[in-house]
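Colleague: Sharing a structure with you now.
Please treat every number below as a calculation from the coordinates, not as lab data. Predicted model only: the values in this text are computed from it and were never measured. Positions of Cβ are generated from backbone atoms using ideal geometry, with glycine treated the same way; all protein chains shown enter the neighbour counts.
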Amino acid sequence: MAERIVVFGATGYTGDLTARALVDRGVRPVLAARNEARVRALAEELGGLEWAVADVERPETVRALVQRGDVLISTVGPFARWGEPAVEAAIGAGAHYLDSTGEGSFIRAVFERFGPGAEAAGCGLVTAFGYDWVPGNLAGGLALREAGEAATRVTIGYFNPGTGASSMSGGTQASAASVMLSPGFAWHGGRLVGERAARHGRSFELFPGKHARAISVASSEHFALPRIHPALRDVDVFLGWFGPASEPMRVVSAGMSVLTAIPGARDVLQGLFSHLVKGSTGGPDAAARASSTSVVLAEAYDAAGTRLADVRLEGVNGYDLTARFLAWGAQTAAAGGLQGTGALGPVDGFGLDALEAGCAEAGIARV
């Protein structure tokens, strides 16, 4: 049987966009979700696609989705809660895997816990292959290539001009809540260290004469960029989605770190957030998405703090980018374009030049 691309979570907001992006590229993916009526209706709408019912609470149904050589796309989040069955299914079958997570704790699990098993199985795991965190890997990779061996630090900032928390999808809100409660990390001093979300803040010049605040986050860049540039001592990634609320979020993060240190408090807070913030509750419509853009900045420095290179990417909104990244990545992987096995970053997974071309196809490019 020919290799297939399977979209798990196809009836959710991101999964639906991803399925449509694949069809736009001439691909006929298999659609999978837990609600039979909804997944059947979507498959019929998109041209009579193959479909299947799968539910993370019945892992055997997820395992049945893929076989060796297939590509599994998972958009079922929050990933810290529901993501593991899809990764385990891909490894068990020897299928390549991509997902849309932005959650640091899950990214770390893919690299540290699941990566060795995938390498042994001969398949690749490319986690966080959406707006979180593909553009920063590309921008950081380009800046480091231009800076050369003297670069020891890279700083990356993500911004969505025109958007805010009110335009986040339900899945994004649920993932954001998970991030605030989960232990974070960063690449400092040439190694991975624990660091809570929003511990640091920084101002970036978003447009000439206009600065914007951002907060530090755990991301795939902390794992992936040191692989392609071994001299890196520090990787700093900042998220600028929250505008004036960035500094209050740093205060909230500090308070959360105190609360979650109390035995049992983390579980209580996670239970509270799971009731207050639901996952698949939809997201911005096409008009709302069209009103926003993406700006991603990267700066490379030497050990003395001299800036050696900077890169600016501009493109369409993050939701459409995520769907198009996943579609491009899955199609490329299915065609044999994934460069390696185990847990892979966007650059070492696809190559810097191919990734740059794929991102341009998706709608974000260097300016």
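Colleague: How large is the direction-averaged shadow of the alpha-carbon convex hull of the range 313-367, in nm²? All intermediate terms of the calculation are to be shown ahead of the outcome.
Modeller: Working: hull surface 14.8 nm².
Value for the range 313-367: 3.7 nm².
Colleague: Would you calculate the volume per residue, in Å³, of the smallest convex hull containing every Cα atom of the range 73-166? It would help to have the intermediate numbers written out before the result.
Modeller: Working: hull volume 12.1 nm³, N = 94.
For the range 73-166, the hull spanned by Cα atoms encloses 129 Å³ per residue.
Colleague: Please give the FRET efficiency for Ala41 paired with Arg113, using the beta carbon to beta carbon distance and R0 = 35 Å, rounded to the nearest 0.05. Let's see the in-between values first.
Modeller: Values: r = 36 Å, r/R0 = 1.03.
About 0.45, to the nearest 0.05.
Colleague: Oh, and also: Taking Cα atoms, how many degrees apart are the long axis of helix 318-334 and the longest axis of the chain, rounded to 10 and kept between 0 and 90?
Modeller: Around 60 degrees separate the two axes.
Colleague: Please report the base-10 log of the normalised intensity I(q)/I(0) for the range 273-367, using a Debye sum with one equal scatterer per alpha carbon and no solvent, at each q in 0.11, 0.12, 0.16, 0.22 (1/Å).
Modeller: -0.48, -0.56, -0.87, -1.11
Colleague: Working from Cα positions, state the angle (0 to 90°, nearest 10) between the long axis of helix 84-93 and the longest principal axis of the chain.
Modeller: 60
Colleague: Just order 135-148, 301-314 by mean Cβ neighbour count inside 10 Å, highest at the front, would you? Kindly include the intermediate steps, with their values, before the conclusion.
Modeller: On the way: 135-148: 24.7, 301-314: 15.6.
For the peptides 135-148, 301-314, the packing ranking is 135-148, 301-314.
Colleague: For n ≥ 4 DSSP H runs only, could you compute -39500 (n - 2.57) per run for the chain, divide by its residues and tell me the 222 nm figure to the nearest 500? Working shown, then result.
Modeller: Values: 16 runs with 152 residues, N = 367.
So the helix-based figure for the chain works out to -12000 deg cm²/dmol.
Colleague: Just going by the charge dipole of the chain, with Lys and Arg at +1 and Asp and Glu at -1 on Cβ, which of Ala118, Val134, Pro161 is farthest out on the positive end?
Modeller: Selected residue: Pro161.
Colleague: Find the eigenvalues of the gyration tensor of the Cα atoms of the range 26-142, then list the square roots of 5 times those eigenvalues as equivalent ellipsoid semi-axes, largest first, in whole angstrom.
Modeller: Values: eigenvalues 116, 59, 40 Å².
Value: 24, 17, 14 Å, ordered largest first.
Colleague: Return one number: the angle in degrees, 0 to 90 and rounded to the nearest 10, between the long axis of the Cα atoms of helix 265-276 and the longest principal axis of the Cα atoms of the chain.
Modeller: Tilt of helix 265-276: around 60 degrees.
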